[in-house]
Amino acid sequence: MNTMTKIAVFVSGGGTNLQALIDAEKNGALGNGKITLVVSSKPDVYALERAKDNGIASVVLPRKEYDSIASYSRALADTCTDAGIDLIVLAGFLTIFDEQVYEKFPNRILNVHPALIPSFCGKGYYGLHVHEAALEKGVKVSGATVHIVTPECDAGPIVLQKAVEVQQDDTPETLQKRIMEQAEWKILPEAVRLFCENRITVANNKVYIKGE
């Protein structure tokens, strides 16, 4: 019996989180998880080079080639279904999709957000905007959250969180780098491994992890 969990990683840019997952897989840290597909919303992004360098199939689905979110979402869902994907991981995927993807992959889409949800999340909070808002507020800790993706932005059940200290002289760029290195690149592979080991259960919009 094949127990491999096939993973699709959705990207829109450089793919640093994709690289963290690729490295984790090579180190055996994804359990039986295997990245079998990279889906990019843009052509010519560096994430596609990372996929190619590691022998991972990739497909580019540019949002502008579809006339609606619905037709784009259908293409995403069909692409992953046809590839036999078990888990979708959003790694800096900046394009909105609709319920067609959620319905085909219920509780099977993970996202990493560069803050401790429910702080600094929701519409407009992505990339450096998140860290700008955190510094403006003067928080002493920020961090990253891996959550299950639901139709409401950044509101799905939380799988893992990791706090990172904010330094007094931080810029949005230095804080972003520290959160990536100390939190995102650690908890995203860990959450994927927990999923692949069937240790994640969702009830009442909360995640329960078996064996913890």
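The values are calculated or read from the model by the stated rules, or taken from the named source; none is laboratory data. Values in this document were obtained by computation on a predicted structure and should not be read as measured data. Here the Cβ positions follow ideal geometry from the backbone for every residue, glycine too, while neighbour counts run over all protein chains shown. We work out accessible area using only protein heavy atoms, side chains counted, and drop any ligands, DNA or RNA first. Shrake-Rupley method; radii C 1.70, N 1.55, O 1.52, S 1.80 Å.
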Using beta carbons and a limit of 6 Å, which pairs, at least six apart or on different chains, have the first residue in the range 75-98 and within 13 Å of Val9 (Cα to Cα) and the second one part of a loop (DSSP other than H, G, I, E, B)?
Leu76/Phe97; Leu87/Arg108; Ile88/Phe105; Gly92/Ser12; Gly92/Gly13; Phe93/Ser12; Leu94/Ser12
Picking from Glu99, Glu103, which residue would you name as being modelled with pLDDT under 95 and closer than 24 Å to Thr3 by Cα?
Glu103
For the condition assigned to a strand (DSSP E or B), modelled with pLDDT of 95 or more and either open to solvent by less than 30 Å² (accessible area, probe 1.4 Å) or aliphatic (A, V, I, L, M) (or both), what is the one hit in Ala163, Ala183, Ala134?
Ala163
Residue check: is Val139 open to solvent by 20 Å² or more (accessible area, probe 1.4 Å) and either in contact with a Gly (Cβ under 8 Å, 6 or more places away or on another chain) or without any contact (Cβ under 8 Å) to a residue 60 or more places away in the chain (or both)?
yes
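Condition first: touching an Asp or Glu at 6+ places or on another chain (Cβ under 7 Å) and either closer than 18 Å to Val112 by Cβ or open to solvent by less than 40 Å² (accessible area, probe 1.4 Å) (or both). Can you find one or more residues in the range 76-90 that meet it? Before the answer, list the steps.
Here is the first cut: in the range 76-90, the residues touching an Asp or Glu at 6+ places or on another chain (Cβ under 7 Å) are none.
No - not one qualifying residue is present in the range 76-90.
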Could you please give the count of residues in the range 1-34 that are within 23 Å of Lys177 (Cα to Cα), assigned to a strand (DSSP E or B) and open to solvent by 20 Å² or more (accessible area, probe 1.4 Å)?
0
Only residues in the range 7-20 that are over 12 Å from Glu49 (Cβ atoms) count as the first member; pair them with residues that are of a type in the set (Phe, Trp, Tyr), Cβ under 6 angstrom, at least 6 apart or cross-chain, and list the lot.
Phe10/Phe93; Ser12/Phe93; Ala20/Trp185
Give the residue that is surrounded by the fewest Cβ atoms within 10 Å (Cβ to Cβ), with candidates limited to residues of the range 186-209 that are part of a loop (DSSP other than H, G, I, E, B) and either in contact with a strand residue (DSSP E or B) (Cβ under 7 Å, 6 or more places away or on another chain) or touching a residue at least 24 places away in the same chain (Cβ under 8 Å) (or both).
Asn205
Which of the residues that make up the range 59-101 are over 16 Å from the mean Cα position of the chain (by Cα) and of a type in the set (Asp, Glu)?
Glu65, Asp67, Asp78, Asp82, Asp98, Glu99
